1. Excluding Val407 itself, calculate the net charge of residues whose Cβ lies under 10 Å from the Cβ of Val407, where each Lys or Arg counts +1 and each Asp or Glu counts -1.
2. Count charges around Ala246 for me, please; just the other residues with Cβ under 11 Å from its Cβ, Lys/Arg as +1, Asp/Glu as -1.
3. Starting from the Cα-Cα distance between His347 and Leu372, subtract it from 0.36 nm times their residue separation and give me the gain in nm to one decimal.
4. Work out how much length Ser363 to Tyr216 would gain on full extension: take 0.36 nm times their residue separation and subtract the Cα-Cα distance, in nm to one decimal.
5. Could you pull out the pairs from Lys326/Lys364; Lys334/Lys379; Lys379/Lys420 whose alpha carbons sit more than 22 Å apart here?
6. Would you mind pulling out the separation of the Cα centroids of segment 402-421 and segment 317-361, in Å?
7. What FRET efficiency do you get for Asp224 and Lys304 if R0 is 35 Å and r is their Cβ-Cβ distance, rounded to the nearest 0.05?
8. Measure off 7 Å from each Cα along the Cα-to-Cβ vector at Leu185 and Gln166, then give the distance between these two points in nanometres to one decimal.
Amino acid sequence: MASSCAQLCLRCRSLLCSKTAGVTWQYSTQVRHCTSVTGGLTQIFAGSLFISGRNKRPQCSQRWKQQTCFYSDLTGRSVVPGAHENKELTKTDAVAHRSPPLQFEDAVPLTESHVSLDLDVAEFSALEEINDEEAVSVTVPPAIPPASTSLRDYVDKSETLTKLVQLGVNLWKLEQRPNVGSMLLKLDFQTDVAPRLLFLKDIGVEDSCLGNLITYNPFILTEDLENLQTRVDYLRSQKFSPDTIASMVSRAPYLLNFSVKRLDNRLGFYQQQLGLSASNTRNIVSRLPRLLCGSLEPVKENLKVCNIELGFKENEIQQIVLAVPKVLTANKMKLTQIFDFVHNTMHIPHHLIVKFPQVLNTSKLRLRERHLFLQYLEKAQYDPTQPNYISLDQLVSLPNNIFCTKVASATLEDYYMFLKTL
């Protein structure tokens, strides 16, 4: 640009020396016009460079050179045609002051559309170079961690986790189970979670139970809705009432994850092994629905223990199970220890245990403490044919204050003082 302006000034000086005042005024006006045009372009490019934050732009520099040459030629050509107004200007002088011919194939006049287009490209280019100040001012939103040992890092960024927390789901329990956290992150709340929550509400599950249910069984969120409906329909066909089904699902979260075939096999197993009617089978299953979910091996072992080791008959086992279904899933060692203390230490026969089977589901420590306290007071009488008879039901079911005043005829302080001597 500097060389072009220098050439332009030399031409102006030669013409000013030979032209009249009118020509001089016309020439200076055109030079100022050219200078204002080139100056405006300089400001546009300078503005574009400032906006884009780049110190060097090869394309803009090349275009600037082309436009400078283009407007320099326009200036020269605008002076020469004015020579015919002065008769003293010869043809030789006009040819001598004519600018050399230029190639305009690549010289395209710069318009506002070109500048705006170039600014848009520079502003949104991913490969744009920026200076240090602009780099510091760039803010990058926090991204989802690619890996984490806790689901709390994803709660604010996952709608599914946010809604589950609002329902009362304990994420800290779920994240301890393998692959459950990644499974929850892949679920979409609207398409995966919400339809299954609505299904659980439709069958009668309370809102307060949804959080606990999903905490223990998050895999229900991946079950097919048609399969879930089929299993509920099967339970209804077995004459389970809607309220009973809702209660069973709430207390046994994995109940609806099992197929209809498995549920039917479990019901048939308890009915055949215990010799129960369909009504009694529904009774024990509705009271302890995890009988349909857990393994059958502990149940078979407890039935053998009650029959072989404890000496109960089949009809006695049936009565015990109808009264206390938890006996089927109780710990075998605990069951044996309680029976040993009741039968061999307290000298209670089998038929009384069958009459009050709740004693097999109590705490051995509590049973021992109360028996020793009654023995200390010389009131440990468990024979119904003798006076001052104390039933097993009163021994294990009453709270401490009522047991002391009604059964032991003592104060609660006396009972606590006695426990300190044990």
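1. On the way: positive: Arg370, Lys379, Lys406; negative: none.
Here the charged neighbours net out to +3.
2. On the way: positive: Lys201, Arg251; negative: Asp202, Glu206, Asp243.
Computed value for this residue: -1.
3. Values: separation 25, 0.36 × 25 = 9.00 nm, distance 1.35 nm.
Difference between extended and current length: 7.6 nm.
4. Working: separation 147, 0.36 × 147 = 52.92 nm, distance 2.64 nm.
Working it through step by step, the gained length comes to 50.3 nm.
5. Lys334/Lys379
6. Comparing the Cα centres of segment 402-421 and segment 317-361, I get a distance of 25 Å.
7. Numbers: r = 38 Å, r/R0 = 1.09.
It comes out at approximately 0.35.
8. 2.2
Read the figures in this text as sums done on the coordinates, not as results from a lab. These numbers were taken from a predicted model, which means no experiment stands behind them. Quick reminder, even Gly has a Cβ in these numbers, built from the backbone with ideal geometry, and neighbours come from all protein chains shown.
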